Ligand code: FES
Ligand code: FES
């Protein structure tokens, strides 16, 4: 089967039910997408599939054939993604950083859908866990990125 | 089994009081078996034959416990009056069934009477096993006597107190609800249908869960002669859906192949086994031959749907606008696996759109699986790649009611809304499924 | 604090033998793909050094390498796990070296005697909020010495006296002639200079970077997925392994029912029985994981002498009852005044029992380890760790090798919170990786699933304390006793001395700042059955909750406002008084409530103080209760770490610690039944999500006291501040965490 990841086509030799996460990490070799829980609980594995946030640890690879998959590695090639990254750096959001690939992608998807999110919109959409508790920074950075528009 | 027993024993209590006289002889009497006088015969079947029928009958699910020895018993079934425990059916002479003759074994399996004459609780599905053929009973006996390790493990006494622990009134229950006689082929039907009917009614005891029960906790029907048969039932916090032709709450939209695939692999495009069906799949149905599964599917598809199933479900697009209660929970907790469109992911993650538990007026299965997650589906020895987590520690009763009400009213689903009280009641009486695959050994 | 040091040193005697481990290999990072750079050590001196001859923290080239472009590669004794230590190191060293910290590249130093710089050159760990405060003068000296070495070379090249030279960031300047030499051009020669012992340090007033809110060095890589953690690393020819652990610690595998079937699964290389687990080695981790889960293993009860084994009937609820039921005598942890007399004379006596559960670390990066046996007989390990020399010692012991044959790499940590110490008996994955690599003759990376992690974590101990307080006729507390039940993590890991208190067990209950004249605090030991370890802010994480909420009970019983009572009882300590007033001021003045907020919600505030890790904090939380659920709107924290390096990092750390404190106050609890933890993933062990985070407001007070810690101190004050506020609204005392346990029908 073929996968389109970051605008590149990869020939994939994985079982149909293999989680996209492990295809990305082990077969394609991109490690920015993180494994945190494997159970759709944490969001560390978030990628974008056709622009929507997707938890790759619970996405059978077969179900995303023919779709556009975007990982953190190329997020800055996207105008909104670029803005989010800059806001992240400016607000100094990450601590250990492990959750942040997922956070940046989730924030990018939110801002594409809703360029002007309220605090409540952010709380609704940003459901990825951060054990380092960088949540204040995440909210600040999303507001800042939104103002950049 | 908890719930059947609870009701059953409550009603039994009344019986005990009412039936004070009469039939002492009857209640102590040991029924006759075609194998009377056969003693303990040697090798009557191959290991494969015996193991196959033991699988088809799913003996292991009740008579073994995880971390326990195969068939040494111990599974607790709680009731408000106390607990009963599945017994040791290994061939240990002291604590198991090592001294059972073939006839005694037969009486236990097909008639619910133990060697010493005491009556078994119908938690043991002998009303279904009554249909087993003589050959299958022999094979089963052979299997337990010669291929199962004897294990010295005393049966745990029930914790039910006198007088409710009296078993003899069960004899009268049998008079009312038990049909003796093995399965009789219906000559108007083909061989495949008859094989399917035998497996479903007899060893498979599908009706134990899927047929509604009457006032004395008896299954309302034991064959397709009655429309109540396999028409869906609530049991122990799970709603076992109709296996009849109903479009919404049954198998109306499933092909014979879909059914066979489901029983063989635990999944198909309509759904994945969950709740108590996980045990039945893990330990039983997947071990059946392709032909037998085909027969079962063929038989089930012959059962017509019943009235009152509503207009057939059709998929409708829903746009999630984060305004209805439950929508945010759905997006945050459910959508990542089941999809924003409720369609699931191929056969790997089941859809929420159009599934029985989201269409049925019974909401127990939907609530239960959200509260407790589901056990691991182990197909051909390989645990599933994706499991349903438990949400009891993450979502409040209100949140669960909201999210399920949302799901049950989206994408064409038309299940009634879920109330907080329904969630609360189930929360208290159910337990989370193990995140680890549970594999019960047979030998 | 000393106990912690003792423990950590004691975990591994080999660590103190100071092996010389300075092979090039250790630095090359193999196929790490990250920084690959040869180390230029001064003329082979490193190898010539005899073990023990190195004075830790002095050899400049072991730490600082200036590249031709003037950027600096710095080997940090401490590991970065989000606390900003790499940036702080660059800031401190850069200050004296006169190089912009932004031009630093920092990595964690390998195991070796140069880096055991803590506590007079004994050891190193990244933990206990010790990093900056234990190394600040050493790092400054290193930077200053390196600068001097550059100046010496420059003086030679320019043929001027050194005293005529000055520096600007990255450049040596001879003002008189206007000549400038870049650091990069001087570096190679400078590295061969003897290290000066007396390089002058800057005056604080001249600081260019220290005390400034500098941006962190690692943030961009962490925002773009480029940061590499242990779990991301790869070495050539590596195989992947997953394990099925015994459901209870100490149990061992028996029969495997389906070994042949699992061997035939896709990608499976081999199956191995290892201590407490069965492992599957495969071409990819996903294949290994599915196969490991598929293994049908019979688990056998442990032998009687396996002291750490988990019994089949252990339950946390029963253990809690045991803590509650056990009575003294205990060991004195603090004894002051005449307690008996004070209680006799007291006008009012109150009593209460508090408890808090076991907690999981829940760092987001699941444990992993790569092990490779090299042809030269060395064993190379990449794994999350907070103490390279200890890991080295443990590996050396496991395989009977001299420590210098063990090369430890310390990649960035995806969160740690005390998780990555050498928890033996199955608490960490590197012994499995090393064993498997030996068995298969190839490098092996072991990854634990989240479920494995919840099964094998070493938890924050459960705690229970019984308090008794005596009040005089004015309602002022005059006597206090506390029975602190259980065991601290240090003694639990290191062996219990029945006659000695574990300071980590009682910290937060002893040495409180309040002027209560008569005190008797004892520790009553009850051994843990579940494995316990260090967890962010250690004993303080629960003890300050116990003490500070009981404090409010005393205040209420005596008819005092809890803030006012604290104010009175710290009146003699200007440092504490200032802190308390600062936090109240930043919160717009103290008010307890209940009061109605602008949005119409009914709210209340709670206050608390704590003295963790050499720093002082005061905290105020504002809460409401909505639908039976506690909502924490704002938390104000004033922290006084004595003196500071980077206020932005301090603020970030306090916010982070507050989030974790909130998480424990609201949600977290490890529950065992039947010898097994019920939670095996975040579904049954919820941690704080963004939607429940409070707005955190941090005030930093620099009192000039000796430098304290920063990473942990923000946490302990949070649970009591929240619980005290909730008590006001709920009309009931909160004596047990998490709050999700209490039904709050308000
Ligand atoms: S790893 Fe996918 S959600 Fe946690
Ligand atoms: S930054 Fe560490 S988990 Fe989010």
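The values are calculated or read from the model by the stated rules, or taken from the named source; none is laboratory data. Quantities reported herein were computed from a predicted structural model and do not represent experimental measurements. A quick note on method: Cβ atoms are made from the backbone with ideal geometry, for glycine too, and the neighbour counts reach across all protein chains shown.
Worth a mention:
- Among the strands (runs of 3 or more DSSP E) confined to region C:352-411, the ones with at least 3 residues that are under 22 Å from residue C:233 (Cα atoms), in contact (Cβ under 8 Å) with a residue 60 or more places away in the chain and touching a helix residue (DSSP H, G or I) at 6+ places or on another chain (Cβ under 6 Å) are located at C:368-373, C:406-409.
- Test: residue in region C:501-512 that is touching a strand residue (DSSP E or B) at 6+ places or on another chain (Cβ under 7 Å) and assigned to a strand (DSSP E or B): yes
- Filtered residue count, region A:80-101, keeping only those that are away from ligand 1 (no atom under 16 Å from the Cβ) and touching a residue at least 12 places away in the same chain (Cβ under 8 Å): 14
- For residue A:128, the conditions (1) away from chain C (no Cβ under 11 Å); (2) buried (at least 22 other Cβ atoms within 10 Å of the Cβ) all hold with the exception of (1).
- Residue count, region C:488-505 (criterion: touching a helix residue (DSSP H, G or I) at 6+ places or on another chain (Cβ under 8 Å) and buried (at least 23 other Cβ atoms within 10 Å of the Cβ)): 8
- Every condition in (1) outside any helix (DSSP H, G or I); (2) without any contact (Cβ under 8 Å) to a residue 60 or more places away in the chain; (3) within 16 Å of ligand 1 (Cβ to nearest atom) holds for residue A:129 except the one numbered (2).
- Taking the criterion of being touching a helix residue (DSSP H, G or I) at 6+ places or on another chain (Cβ under 9 Å) and either within 19 Å of residue B:430 (Cβ to Cβ) or surrounded by fewer than 16 Cβ atoms within 10 Å (Cβ to Cβ) (or both), the residues of region B:63-81 that qualify are B:75, B:77, B:78, B:79, B:80.
- Residues that are within 20 Å of the chain's Cα centre (by Cα) and outside any loop (DSSP other than H, G, I, E, B) were ranked within region C:412-437; the one that is nearest to ligand 2 (Cβ to nearest atom) is C:412.
- Lone qualifier among A:49, A:104, A:64 - being within 28 Å of residue C:79 (Cα to Cα), touching a strand residue (DSSP E or B) at 6+ places or on another chain (Cβ under 9 Å) and more than 13 Å from ligand 1 (Cβ to nearest atom): A:104
- Single residue of region C:462-475 satisfying the filter (surrounded by fewer than 24 Cβ atoms within 10 Å (Cβ to Cβ) and assigned to a loop (DSSP other than H, G, I, E, B)) that is nearest to ligand 1 (Cβ to nearest atom): C:475
- Sole residue being free of Cβ contacts under 8 Å to residues at least 60 places away in the same chain, touching a helix residue (DSSP H, G or I) at 6+ places or on another chain (Cβ under 6 Å) and either within 16 Å of ligand 2 (Cβ to nearest atom) or farther than 13 Å from residue C:225 by Cα (or both), chosen from A:44, A:40: A:40
- Helices (runs of 4 or more DSSP H) contained in region B:284-396 and holding at least 3 residues farther than 30 Å from residue C:690 by Cβ: B:290-301, B:356-359
- Residue selection: residue C:520 satisfies the criterion of being assigned to a strand (DSSP E or B) and in contact (Cβ under 8 Å) with a residue 60 or more places away in the chain.
- Of the residues making up region C:232-249, one or more are crowded, with 22+ Cβ neighbours inside 10 Å, within 14 Å of chain A (Cβ to nearest Cβ) and not in a strand (DSSP E or B).
- Pick from region A:53-64, criterion farther than 23 Å from residue C:683 by Cα and more than 13 Å from chain C (Cβ to nearest Cβ), ranking: nearest to ligand 2 (Cβ to nearest atom): A:64
- Residue within region C:150-162 that is more than 16 Å from ligand 2 (Cβ to nearest atom) and touching a residue at least 60 places away in the same chain (Cβ under 8 Å) present: yes
- Looking across A:139, A:127, A:89, A:93, one residue alone is within 16 Å of ligand 2 (Cβ to nearest atom), outside the structural domain of residue A:35 (by TED's automatic domain parsing) and more than 24 Å from residue C:221 (Cβ to Cβ). It is A:127.
- Filter result for residue A:69 (under 19 Å from residue B:340 (Cβ atoms), within 15 Å of ligand 1 (Cβ to nearest atom) and at pLDDT 95 or above): yes
- Residue A:77 meets each of the listed conditions (1) in contact with a strand residue (DSSP E or B) (Cβ under 9 Å, 6 or more places away or on another chain); (2) away from chain C (no Cβ under 12 Å); (3) more than 16 Å from ligand 1 (Cβ to nearest atom) apart from (2).
- Only one of the numbered conditions (1) within 24 Å of the chain's Cα centre (by Cα); (2) more than 24 Å from residue C:507 (Cα to Cα) is not met by residue C:720, and that is (2).
- Sole exception among (1) over 20 Å from residue B:437 (Cβ atoms); (2) within 14 Å of chain C (Cβ to nearest Cβ); (3) surrounded by fewer than 22 Cβ atoms within 10 Å (Cβ to Cβ) for residue B:371, by number: (3)
- All of C:709, C:704 fail the test of being in a loop (DSSP other than H, G, I, E, B) and touching a helix residue (DSSP H, G or I) at 6+ places or on another chain (Cβ under 7 Å), apart from C:709.
- Among the residues making up region C:412-461, those that are more than 16 Å from ligand 1 (Cβ to nearest atom) and closer than 23 Å to residue A:100 by Cα are C:412, C:413, C:416, C:417, C:418, C:419, C:420.
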